[in-house]
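No lab work stands behind these numbers, since they all come straight from the coordinates. None of these values were measured; they are calculated from a predicted model. FYI the Cβ positions are ideal-geometry reconstructions off the backbone, even for glycines, and counts take in every protein chain you see.
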Amino acid sequence: MKIICQTENLVKNYPMGKDDVVHVLHGVDLEINEGEIIAVVGPSGVGKSTLLHILGALDRPTSGSVKIDNMDIFSYDDVKLARIRNQTVGFVFQSHHLLPEFSALENVMMPGLIRRQDANILKQKSYDLLKEVGLEHRVQHRPAELSGGEQQRVAVARALFNNPRMVLADEPTGNLDTKTADALHNLLWKISRDHRQTLVIVTHNQELAKKADRVIELNNGRITSA
Ligand code: ADP
Ligand code: MG
């Protein structure tokens, strides 16, 4: 099996004011295989979001390294890091983070706009992804004209736009009712399996975690079971 992401001794501290520091991650070592679905569990405030943000290059660790395809991503400056993020990871957050002024179609192709690709190609790809998440009848709707579940489906399609090496989902169904949440989970699973797409998902849903290839539990800033 091919390892696509590897962390080594990840430490994250948040400075608070002048003298205080919040110690969140105390040395996280993790290897993620290509096509693997990993569920991250653990009590609130333990550092799950912090870990995901670092894996997704949204935030830098205090020390330690993250390698994606053997590329030591935090050895690069912020400009290069932003490019790596755009091209190698797709993020789905708890709330959708869609741009309110743009249609579903435009929101999904945003990650491609940054790369200045041809507009017709972008639109076609965006349409295809919206179809895959079951929203081909909602492409012109703006976020406010979509239900919560539909908004998250758009966010999933957007996360997939650049064919990322990993999709990182941070409690993506946290704001949805149980039935809608189940449907979104099933969709994420189906997409990951169909595309052999690596997925790291933070969840409180025990049933869901059981279906993952691997469950990682964060406790006291470390992985306590893997
Ligand atoms: P989880 O996602 O597991 O609930 P987080 O990763 O969001 O946990 O947060 C872990 C800890 O770090 C919490 O105690 C939180 O208060 C703290 N924290 C998160 N972000 C910051 C920040 N920007 N500055 C200071 N402390 C933070
Ligand atoms: Mg969190």
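A few comments on the model shown:
- Taking N as the residue count of the stretch 12-69, its C-alpha radius of gyration divided by 2.2 N^0.38 Å amounts to 1.24.
- In the chain, the DSSP beta bridges split such that about 55 percent are antiparallel, to the nearest 5.
- Spin-label pair H204-H97: with each label point 7 Å from Cα along the Cα-Cβ axis, the two points sit 2.1 nm from one another.
- Remark on Q94: its backbone amide H falls under 5 Å from those of D170, a criterion applied only to residues 5 or more positions apart or on other chains, H modelled at 1.01 Å from N.
- Computed magnitude of the charge dipole of the chain (debye, nearest 20; Cβ of K, R +1, Cβ of D, E -1): 380
- Under 5 Å, built H, 5+ apart or other chain: amide partners of D59: I54
- G174 sits among other residues whose Cβ lies under 14 Å from its own Cβ, and their net charge, with Lys and Arg +1 and Asp and Glu -1, is -3.
- Summarised as an ellipsoid, the stretch 1-126 has semi-axes of 29, 18, 15 Å, derived from the eigenvalues of the Cα gyration tensor scaled by 5 and square-rooted, with the largest first.
- Cross-link reach is defined here as a Cα-Cα straight distance under 20 Å, omitting same-chain residues fewer than 8 places apart; for K131 the lysines meeting it are K123, K190.
- Using distinct alpha-carbon pairs, which all enter the 1/r mean, Kirkwood radius of the stretch 131-180 in Å: 11.8
- Cross-link partners for K80 among the lysines, with Cα-Cα distance under 24 Å and sequence neighbours closer than 8 places in the same chain left out: K12, K67.
- For R214, the shell of other residues with beta-carbons less than 12 Å away shows a net charge of -2, using +1 for Lys and Arg and -1 for Asp and Glu.
- The Rg/Rh ratio for the chain is 0.97, where Rg is the radius of gyration of the alpha carbons and Rh is the Kirkwood radius.
- Residue list for the stretch 150-189, given a label point 7 angstrom along the Cα-to-Cβ vector of L113 and an amide N cut-off under 14 Å: 158
- Overall size of the stretch 148-226 from C-alpha positions, given as principal axis extents largest first: 35, 29, 20 Å.
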